[in-house]
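J.: Below you will find the structure I want to go over with you.
The values are calculated or read from the model by the stated rules, or taken from the named source; none is laboratory data. For clarity, every value in this text was computed on a predicted model and none was experimentally measured. Neighbour counts run over all protein chains shown; Cβ positions are idealised from the backbone, glycine included. To get the accessible areas, we keep the full protein, side chains included, count just its heavy atoms, and leave off ligands, DNA and RNA. Shrake-Rupley method; radii C 1.70, N 1.55, O 1.52, S 1.80 Å.
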Amino acid sequence: MTTAFDPIDLAGTRLANRIAMAPMTRSRANGEDGTPTAIVAEYYAQRASAGLIVTEGIQPVAEGQGYPNTPGLHTREQIAAWREVTTAVHERGGRIFAQLMHSGRIGHPDLLDGDLHPVGPSPVAAAGQVYTHEGPKDFVTPRELTGDQVREAVAGFASAARNAVEAGFDGVEIHGANGYLIQQFLASGSNHRTDEWGGPVENRIRFAVEVVKAVAAEIGPERTGLRISPANTLNDISETDTDEIYTRLLDAIEPVGIAYLHVLETGPERRPLVLDLRKRFAGTFILNPATGTDPTGAESLALIEDGTTDLVAYGRLFIANPDLPARLKTDGPYATPNPATMYAGGPEGYIDYPAL
């Protein structure tokens, strides 16, 4: 029987176990230039016993930033700083993929330089607020991307993927979940376009498909992953045809042969779709299972044993338990993260959680 502690081959990259560290924004980058700081390298290196680390969301282009103090991968300085992170992880035997996240309409002009403004598939503002350096502010109406700008956004993902490999990452994960730019194109509530990028499902999936193809062409499909979150309403996303969107998306990208699909399960009622996507996808399958208000725990490792998934992704528990695979093996004890230090600050609540 396969267990979570058995190694696995991820399209040519050997992972020591089947426990993934899910991507989590921590807002510890240098706010001036979007470079990860020294404590970022230590943070990820402490968690190198994960079979696979997926980083926090990294903006592929400057206008893709949605939160304060988040890192980028679009300048030489950022590439050099990330190389320090990947080297630290590799020295401790870990594997690390960079998550490329364009926030689209989720953000605010105050977070962007010059005349940059949040963009989206359509000029439809998200309900809600975003945190800025001056406190919470309402989301603004995004600038609608022109056809040429959509293609530039695709190219931005590919360029950032190339930068990630130069920085030493083992691969990249394309963030197509949680209400950011790619899901904004997928969802009819945020995509009101009438051109080739909007309208029927085959047009709304086009942006995601083109990003996947462009990234895979740039760095190789074996270094490319995709994260999705079907029916996720985060960031005011409204999907009316979820099953069709994601089954057709998978059918469209299947010939590309990417390394993995990472699914954030939004509720137990979505398990039938998860199982269908699992059957449709030939590569490695990573599941971030729905666990309600509780963090994903050791009981979810059974999903590997019964074949539901190849890897299980853990989020919150990895914040306070840098040696989480060892703790999962004995089902604890687990430390509890401090919510007050999750999204800002320095070393406290970031690199000061001890191992067993």
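J.: So which residues in the stretch 184-213 are open to solvent by 30 Å² or more (accessible area, probe 1.4 Å) and touching a helix residue (DSSP H, G or I) at 6+ places or on another chain (Cβ under 8 Å)?
T.: Ser188, Asp195, Glu196, Glu202, Arg206, Glu210, Lys213
J.: I'd like to know if the stretch 144-153 contains one or more residues that are assigned to a loop (DSSP other than H, G, I, E, B) and within 28 Å of Ala98 (Cβ to Cβ).
T.: So far as the stretch 144-153 goes, yes, one or more of its residues are assigned to a loop (DSSP other than H, G, I, E, B) and within 28 Å of Ala98 (Cβ to Cβ).
J.: For the stretch 13-59, which residues satisfy the criterion of being open to solvent by less than 20 Å² (accessible area, probe 1.4 Å), among the small types (Gly, Ala, Ser) and over 13 Å from the mean Cα position of the chain (by Cα)?
T.: Ser27, Ala29, Gly34, Ala41, Ala45, Ala48, Ala50, Gly51
J.: Looking only at the stretch 222-245, filter to residues that are open to solvent by less than 40 Å² (accessible area, probe 1.4 Å) and over 17 Å from the mean Cα position of the chain (by Cα); which one of those is nearest to Leu273 (Cα to Cα)?
T.: Residue satisfying both the conditions and the ranking: Thr242.
J.: Where the second residue is part of a strand (DSSP E or B) and the first is without any contact (Cβ under 8 Å) to a residue 60 or more places away in the chain and lies in the stretch 305-318, which pairs have Cβ atoms under 8 Å and are six or more apart or on separate chains?
T.: These pairs meet every condition: Thr308/Leu287; Thr309/Phe285; Thr309/Ile286; Thr309/Leu287.
J.: Looking only at the stretch 307-333, count every residue that is aliphatic (A, V, I, L, M), touching a Pro at 6+ places or on another chain (Cβ under 8 Å) and outside any strand (DSSP E or B) and tell me the total.
T.: Residues flagged as aliphatic (A, V, I, L, M), touching a Pro at 6+ places or on another chain (Cβ under 8 Å) and outside any strand (DSSP E or B) within the stretch 307-333 amount to 3.
J.: Same structure again: For the stretch 17-69, name all the residues that are farther than 24 Å from Asn321 by Cβ, in a loop (DSSP other than H, G, I, E, B) and of a type in the set (A, V, I, L, M, F, W, C).
T.: Passing the criteria: only Val61.
J.: Just the residues that are open to solvent by 10 Å² or more (accessible area, probe 1.4 Å) and at pLDDT 95 or above, please, taken from the stretch 98-114.
T.: Selection gives Met101, His108, Pro109, Asp110, Leu111, Leu112.
J.: Condition check: more than 17 Å from the chain's Cα centre (by Cα), of a type in the set (Gly, Ala, Ser) and part of a helix (DSSP H, G or I). Does Ala208 satisfy that?
T.: Answer is no for this residue.
J.: Name the residues in the stretch 319-338 that are over 30 Å from Leu275 (Cβ atoms) and free of Cβ contacts under 8 Å to residues at least 24 places away in the same chain, would you?
T.: Selection gives Pro333, Ala335, Thr336, Pro337, Asn338.
J.: Something else: Of the residues Ala290, Ala320, which single one is small (Gly, Ala, Ser), modelled with pLDDT of 95 or more and open to solvent by 20 Å² or more (accessible area, probe 1.4 Å)?
T.: Testing whether each residue is small (Gly, Ala, Ser), modelled with pLDDT of 95 or more and open to solvent by 20 Å² or more (accessible area, probe 1.4 Å) leaves just Ala290.
J.: Quick one: Ile304 ticks every box in (1) under 18 Å from Thr247 (Cβ atoms); (2) in a helix (DSSP H, G or I); (3) β-branched (Val, Ile, Thr) except a single one, so which number is it?
T.: With respect to (1) under 18 Å from Thr247 (Cβ atoms); (2) in a helix (DSSP H, G or I); (3) β-branched (Val, Ile, Thr), Ile304 is out only on (1).
J.: Is it the case that the stretch 253-261 has a residue that's crowded, with 20+ Cβ neighbours inside 10 Å, over 17 Å from the mean Cα position of the chain (by Cα), without any contact (Cβ under 8 Å) to a residue 60 or more places away in the chain and closer than 21 Å to Phe185 by Cα?
T.: yes
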